[in-house]
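J.: I'd like to ask some things about the structure below.
The values are calculated or read from the model by the stated rules, or taken from the named source; none is laboratory data. All values derive from a computational prediction rather than experimental measurement. In this analysis, Cβ positions are derived from the backbone assuming ideal geometry, glycine residues included, and neighbour counts consider all displayed protein chains.
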Amino acid sequence: MIHRAVPAKAPTSFGARAHDYDRLRPGYPRRALTEAWAALGGGPPGTALDVGCGTGKLAGALAALGHEVTGVEPDPRMAAVAAANGLAVEVATFEDWDPCDRRFDLVACGQAWHWLRAGNRTAKAARCLRPAGRVLLAWNFGSHAPSIGAGLTRVYAAALPDGLPTGEGGRKDLSEADADEYAEELRSHGFAVTKTAVPWQSHLTSREFCTLLGTESRHLALPWAIRRRLLRAVARHLDTEEGGGIRMDYTCVIVGASKAG
């Protein structure tokens, strides 16, 4: 079910590839979420707000653990996929979204916290929480074997001598160091913070990997013809040198925060 508000400026590039995003973007391992929840004291599931829910990757994982999840998503195309996946989602930016006196046991955000205004995002999350409420900010950071990374670097250098653009909103690739900065922001607002990191792996065919790349903001910022040429070169390289696929090594990093009752 979708409820609409008038969205302010927000990332809009991902919706063009919403179904590919939903199919191939990494999910959030159950182990990572249960360990992060336990680090915050555990307890029964409750009501959860998923900020920037996208197609519902994190929301679905939280629902599977028993949470009753409401999503907020600025891109109506992403929200439509989330709704088709069974999520109650409201179309708005988090900054403009009105909780209408609702308060939640958990405010969560998967791979989207950096799109929100620093400081304001944490203050609003705190206002959306019930007493003793908690926050879970989740990311998947991916890497490849060094030999594969070196080969892909050569492919990118040949196709894009100036490198990838920064993407919508001037965003560059995130790193685990960014998660540490967000943890400090939460502490500055009076939260007690935990951090959980769980490694996991996925294997993609060359076509799946290139489709996945095509959902990322820095690739979406490329002109269509250049992006197509680049991804075809990546696919040829993987088919020729890597047996037609690639192993992705992920670390699911979750910054948890608890609010004093």
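J.: For the stretch 114-132, which residues satisfy the criterion of being at pLDDT below 95 and under 13 Å from Val72 (Cβ atoms)?
T.: Matches in the stretch 114-132: Trp115, Leu116.
J.: Let me ask another. Of these, Glu176, Glu181, which one is in contact with a Ser or Thr (Cβ under 9 Å, 6 or more places away or on another chain), surrounded by fewer than 18 Cβ atoms within 10 Å (Cβ to Cβ) and of a type outside the set (Val, Ile, Thr)?
T.: Glu176
J.: Based on what the data block shows, is Thr34 closer than 30 Å to Asp249 by Cα, buried (at least 22 other Cβ atoms within 10 Å of the Cβ), of a type in the set (S, T, N, Q) and in contact (Cβ under 8 Å) with a residue 12 or more places away in the chain?
T.: Answer is no for this residue.
J.: In the stretch 37-67, which residue that is of a type in the set (Val, Ile, Thr) and crowded, with 19+ Cβ neighbours inside 10 Å is modelled with the highest pLDDT?
T.: The selected residue is Val51.
J.: Ok, one more. Looking at Ala18, Ala8 in this structure, which one is modelled with pLDDT under 95, hydrophobic (A, V, I, L, M, F, W, C) and outside any helix (DSSP H, G or I)?
T.: None of the others qualify; the one that does is Ala8.
J.: Could you go through the stretch 208-223 and let me know if any residue there is among the aromatic types (Phe, Trp, Tyr), in contact with a strand residue (DSSP E or B) (Cβ under 9 Å, 6 or more places away or on another chain) and within 20 Å of Phe141 (Cβ to Cβ).
T.: yes
Yes or no, residue by residue, for (1) farther than 26 Å from Asp105 by Cβ; (2) without any contact (Cβ under 8 Å) to a residue 60 or more places away in the chain:
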site	(1), (2)
Leu137	no, no
Tyr156	yes, no
Glu176	yes, no
Pro199	yes, yes
Gly214	yes, no
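J.: So is Gly256 within 26 Å of Tyr28 (Cβ to Cβ), modelled with pLDDT under 95 and surrounded by 15 or more Cβ atoms within 10 Å (Cβ to Cβ) or not?
T.: No; evaluated as a whole, the condition is false for this residue.
J.: Now a separate question. I'd like the residue in the stretch 205-253 that is within 27 Å of Ala183 (Cβ to Cβ) and in contact with a Pro (Cβ under 9 Å, 6 or more places away or on another chain) and, out of all such residues, is surrounded by the most Cβ atoms within 10 Å (Cβ to Cβ).
T.: Cys252
J.: Also, quick follow-up: Given the conditions (1) in contact with a Cys (Cβ under 8 Å, 6 or more places away or on another chain); (2) among the polar types (S, T, N, Q); (3) part of a loop (DSSP other than H, G, I, E, B), report the number of the one that Asn140 does not fulfil.
T.: (3)
J.: Can you name the residue in the stretch 84-110 that is closer than 13 Å to Val69 by Cβ and among the small types (Gly, Ala, Ser) and is also surrounded by the most Cβ atoms within 10 Å (Cβ to Cβ) among such residues?
T.: Ala108
J.: Can you work out which of the residues in the stretch 113-125 that are of a type in the set (A, V, I, L, M) and touching a helix residue (DSSP H, G or I) at 6+ places or on another chain (Cβ under 9 Å) is surrounded by the fewest Cβ atoms within 10 Å (Cβ to Cβ)?
T.: Checking each candidate, the answer is Ala118.
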